[in-house]
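Below is one structure; the comments refer to it alone.
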Amino acid sequence: MPIINPSTSAHTERVNNLMDHVLRPPSYGWKCPENQLIIPSSRQLLKEFTSRLNVFRTRKNWLAFMGWSKVILLTPCLFIFLFQYFNFYLLGIAFIYSMIVMGTHGTIWYHRYCTHNAYTFRNKFWRFVTRNLTIRIIPEEIYVISHHVHHAKSDEPGDPYNATAGFLYCFLADVNHQPIAHDLTEAEYGRVCKLMDHTGVSSNTYQQYQRWGSIANPVRTIAGSLLNWAFWAVVFYLIGGPGLVFTLFGAAGFWAIGVRTFNYEGHGKGKDKHREGSDFNRKDLSINQIWPGYVAGEWHNNHHLFPSSARSGFLSYQIDLAWCYIRFMNIIGAVSAYQDSKKLFLLKYRQPYLESKKGQ
């Protein structure tokens, strides 16, 4: 009988279960010894939030700090629009930009491309264009790695935005639960970087990761955001003057707050709200919602059925603007390949459901 070295066995288990520890655990933990989800109090969540934004405590908090610094910088733009430039014409533009343009871009870029690699760009130019189609707010690293964990542990302990733990648990997740762990081995860090390779984000070396606690390099990340903001400020100014600048930057800030509420709503606020004939995935609490579906192509239950599909609006009424963009880019040659699971969805789920109803 072979002798198993306990340390070797533990190392093997750690490698095989990277999703269990790739994220930095909160001080209150993911689960109790009985494997039940720990639901922290609002005070615990806010204490964790302020601690993880404190760059004076550790420079490794820089990425979360940068994310919320952008929100704070955009907030005055919203108030300047409301109290100095407000009119219903600009309000309509703000609505379209925040709800549809920013929302759809989030689905196109962060969700379907960066996380699930559902389509392939012809070259780096088109990837760069798509990445910068809107005002850049969310760091790719914060979204992508944690979203892989979300799919691996959906609505289970360890899910970084587990809706069953409440609204605030989800709303503050980008700081409290989504940053990567600071103690990854060099081999683990290499595996994590591979999840980001196709996004165009230049990864830190392992030594830089140990210093900064992130895949993204702070200099390149901050410089890229500044250039993106400067570009769009100039474009908006040339189109509509300072009023349009403050309107759209304020609208982007509004979206940045609103998007943090999505996963709580998109998973039924932690309750089973599945609807017959609409939500075919019953392995988690994800649901299809009309509003996120129409404005951002986010048919969430469909997406959880087929995460790698470039289209998630499978039924006739499920408009999918993100898919429209991807398909258009394919037609003009900017996207060279994509995955479309609509036919498989209809064959495996929709048709059997309709046939079962005929017999009733």
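Among 210-221, 24-35, sorting by the average number of other beta carbon atoms lying within 10 angstrom of each residue, highest first, gives 210-221, 24-35.
Find out how many positive minus negative residues lie around T50, taking Lys and Arg as positive, Asp and Glu as negative, among other residues whose Cβ is under 13 Å from that of T50.
On the way: positive: R43, K47, R52, R57; negative: E48.
Value of the local net charge: +3.
Taking 1 over the mean of 1/r across every pair of different Cα atoms in segment 193-303, what Kirkwood radius in Å do you get? Show your work: numbers first, answer last.
Details: mean 1/r = 0.0568 Å⁻¹.
With all distinct Cα pairs of segment 193-303 included, I get 17.6 Å.
Let's test the formula: R0 of 25 Å, r as the Cβ-Cβ distance of V219 and D183. What FRET efficiency results, to the nearest 0.05?
Working: r = 24 Å, r/R0 = 0.95.
So the FRET efficiency works out to roughly 0.60.
The translational diffusion coefficient of segment 254-360, from Stokes-Einstein at 37 °C and 0.692 mPa s with a Kirkwood hydrodynamic radius over alpha carbon pairs, comes to 222 µm²/s.
For M102, M66, the sequence from fewest to most other C-beta atoms within 10 Å is M66, M102. Kirkwood hydrodynamic radius computed over segment 37-78 comes to 11.6 Å, based on all pairs of distinct alpha carbons. The GluC sites (Glu not before Pro) found in segment 221-304 that occupy coil by DSSP, while having at most 13 further C-beta atoms within 10 Å, are E276.
Between D272 and R43, full extension at 0.36 nm per residue minus the direct alpha carbon distance yields a gain of 79.7 nm.
Pairs from the table (K271/K343; K70/K283; K70/K348; K70/K342; K194/K273) lying more than 32 angstrom apart at Cα are K70/K283; K70/K348; K70/K342; K194/K273. In terms of surrounding Cβ atoms within a 10 Å radius of their Cβ, L23, L53, L285 rank from fewest to most as L53, L23, L285.
For segment 36-112, the orientation-averaged shadow of the C-alpha convex hull comes to 8.5 nm² (one quarter of the hull surface). Taking packing as the residue-averaged number of other Cβ atoms within 10 angstrom, the listed peptides 188-201, 159-172 run from highest to lowest as 159-172, 188-201. Taking every full run of DSSP H in the chain, the ones that stretch at least 24 Å from end to end by Cα along their long axis and average 1.6 or higher on the Kyte-Doolittle scale are 62-80.
Other residues lying with their Cβ under 12 Å from the Cβ of S41 contribute a combined charge of +1, Lys and Arg counting +1, Asp and Glu -1. Computed over the alpha carbons of the chain, Rg followed by Dmax gives 21.3, 79 Å. Helix-only arithmetic for the chain: the sum of -39500 (n - 2.57) across DSSP H runs with n ≥ 4, divided by the residue total, places the mean residue ellipticity at 222 nm at -15000 deg cm²/dmol.
Quick note: the coordinates plus some simple rules give every number you see, no bench work behind them. Everything numeric in this text was worked out from a predicted model, so none of it was measured. Quick reminder, even Gly has a Cβ in these numbers, built from the backbone with ideal geometry, and neighbours come from all protein chains shown.
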